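The values are calculated or read from the model by the stated rules, or taken from the named source; none is laboratory data. Keep in mind that what you see is a predicted model, and the values were worked out from it rather than measured. Cβ placement follows ideal geometry from the backbone for every residue including glycine, while neighbour counts extend to all protein chains displayed. SASA here: full protein model, heavy atoms, side chains in, ligands and nucleic acids out. Shrake-Rupley method; radii C 1.70, N 1.55, O 1.52, S 1.80 Å.
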Amino acid sequence: MKNKLLFACLAMLTALALAACGGGPGGPGGPGGGEEGGGAAAVPADDALAEELSVYNWADYIDEELLTQYEEQYGVKVIYDTYASNEDLLAKLQAGAEGYDVIMPSDYMVSTMIGLGLLSEIDTASMSNIGNMDADFMNAPFDPDNKHCVPYQWGTTGIGYRNGNEYFDANPPTSWAALFDPAVLENYSPQGINVLNDPRELPAAAAFYLGYSPNTENPDEIAHITETILAAKPFWKTFNSEGYDTELLIPDEVVLSQGWSGDVALAYYETWDDDAEDGNWYYSIPEEGAVKWLDNMCVTASSERKGTALHFMNFLLGAEQGAAITNYSYYASPNEAAKEFILDEILEDPSIFPPAEVQAKLEWLVEPSDEGIKLYDEMWTAIKAGS
Ligand code: SPD
């Protein structure tokens, strides 16, 4: 799929672009090992698996060959579906959608889902591949002792931009002003700008721009963030976080996009060309700071196939499987053992595995209070009105 030489060149260029941007970018729960609930789900024997398993994941976030591999190896049919944001996933589960067994919420959403009783407890001691994980990603504050979830992929939220036009050549986007300052936006908005259609990520970017916490619940700051977004909105072409890499970045439908690290990396690894007259895609983590996130694999509380769900999660924690996910998605892996199989060019790409000085500028999103949820809901309704 990928050209090694091209990767090496790109990693080098990415490093340069990042430098220009200021810092580089069972307890068995019944028969079948937990199939019937009533305790922490445990991994059952290979011959005690359900016939089917339903997996609900972020768009374009797994090499689907792995699903085929699992089906062929274990005889379990995998039904696979995707969502665009944590909030879409939550809304679906809260609307009573049943039948999803494995889901991949991010950090702050894991806290919310635990609080709402939407996740099953899991017995990580029954997972033979749990030792593959990097200890830094285990026992996170949003899920102490990994009682509900295990890490899947992690990344950052920054700005993707295509160079090759005079404006970015002279002014690489080193600040969130590239997305929120009308005086800056007018230089390239006719060529197309996309923002993530994500009720936490877009306000978080504006909060960094304004010098606020990405988790602010201060009503004055929320009002300022809302005004800032509404003033910039006329300059944006699309709100898209599901398919923006393949539908907007790769075909050059936009010239700049708020983006998740792996999605922007996909655009430049897939299209990089030294001689491209219309430029190449680069990733910048703005100097004001940015969000760092961890997506997780969890078993729903409503699953009737909890043991099989955990068996599948354990399969994906395999070293080669973890590497296949990263080599496909370009997101960073929390699977230490997988690193042996991850392409060197990806491991060495600072826009995917950011160096310490960049990591120091990153912040997690956390679960809002009930009052905060109300403020964020109102803000998002105001932002999306008329879209
Ligand atoms: N195309 C896959 C995108 C997965 C991104 N997850 C990001 C969550 C950030 N809150």
Review point. Quick one: in region 300-338, which of the residues that are open to solvent by less than 10 Å² (accessible area, probe 1.4 Å), hydrophobic (A, V, I, L, M, F, W, C) and over 18 Å from the mean Cα position of the chain (by Cα) is farthest from ALA95 (Cα to Cα)?
Key: ALA338
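Test LEU93 against the stated conditions and say whether it is within 16 Å of the ligand (Cβ to nearest atom) and out of contact with any Asp or Glu (no Cβ under 8 Å at 6 or more places or on another chain). Step through it out loud before you land on a result.
Numbers: within 16 Å of the ligand (Cβ to nearest atom): no; out of contact with any Asp or Glu (no Cβ under 8 Å at 6 or more places or on another chain): yes.
When the stated conditions are applied, LEU93 does not pass them.
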Check your understanding: What do you reckon, is TYR161 within 12 Å of the ligand (Cβ to nearest atom) and not charged (D, E, K, R)?
Key -> no
Exercise for review: Read through the list (1) outside any helix (DSSP H, G or I); (2) closer than 30 Å to ASN335 by Cβ, then give the number of the only condition that ASP145 fails.
Suggested key: (1)
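Can you tell me which residue within region 252-289, out of those that are aliphatic (A, V, I, L, M) and touching a Phe, Trp or Tyr at 6+ places or on another chain (Cβ under 7 Å), is farthest from the ligand (Cβ to nearest atom)? Break it down stepwise before answering.
Quick first cut of region 252-289, residues aliphatic (A, V, I, L, M) only: 254-256, 264-267, 276, 285.
Okay, now just the ones that are also touching a Phe, Trp or Tyr at 6+ places or on another chain (Cβ under 7 Å), so 255-256, 264-267.
Numbers: VAL255: 20, LEU256: 18, VAL264: 10, ALA265: 11, LEU266: 8, ALA267: 11 Å.
Residue satisfying both the conditions and the ranking: VAL255.
Of a type in the set (D, E, K, R), within 18 Å of the chain's Cα centre (by Cα), open to solvent by 10 Å² or more (accessible area, probe 1.4 Å) and more than 16 Å from the ligand (Cβ to nearest atom), is that true of ASP136?
Numbers: of a type in the set (D, E, K, R): yes; within 18 Å of the chain's Cα centre (by Cα): yes; open to solvent by 10 Å² or more (accessible area, probe 1.4 Å): yes; more than 16 Å from the ligand (Cβ to nearest atom): yes.
So ASP136 fits the description; yes.
For region 264-289, how many residues are assigned to a strand (DSSP E or B) and touching a Cys at 6+ places or on another chain (Cβ under 9 Å)? Outline the logic, then answer.
Here is the first cut: in region 264-289, the residues assigned to a strand (DSSP E or B) are 281-284.
Imposing the further condition that a residue be touching a Cys at 6+ places or on another chain (Cβ under 9 Å) reduces the set to 282-284.
Total meeting the criteria: 3.
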Revision key, fill the gap. Restricted to region 114-129 and to residues being open to solvent by less than 40 Å² (accessible area, probe 1.4 Å) and part of a helix (DSSP H, G or I), the residue nearest to MET104 (Cα to Cα) is THR124
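Is one or more of the residues making up region 150-161 over 21 Å from SER329 (Cβ atoms) and not aromatic (Phe, Trp, Tyr)?
No, region 150-161 has no match at all.
Residue-wise test of (1) within 16 Å of the ligand (Cβ to nearest atom); (2) on the phi > 0 side of the Ramachandran plot; (3) assigned to a loop (DSSP other than H, G, I, E, B).
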site	(1), (2), (3)
VAL291	yes, no, no
HIS311	no, no, no
PHE315	no, no, no
GLU340	no, no, no
ILE352	yes, no, yes
GLU357	no, no, no
VAL366	yes, no, yes
Review point. Would you say VAL78 is out of contact with any Pro (no Cβ under 7 Å at 6 or more places or on another chain), open to solvent by less than 30 Å² (accessible area, probe 1.4 Å), of a type in the set (Val, Ile, Thr) and part of a strand (DSSP E or B)?
Key: yes
Review point. Which pairs have Cβ atoms under 7 Å, sit 6 or more apart or on different chains, and link a residue in region 246-257 that is in a helix (DSSP H, G or I) to one that is among the aromatic types (Phe, Trp, Tyr)?
Key: LEU249/TRP281
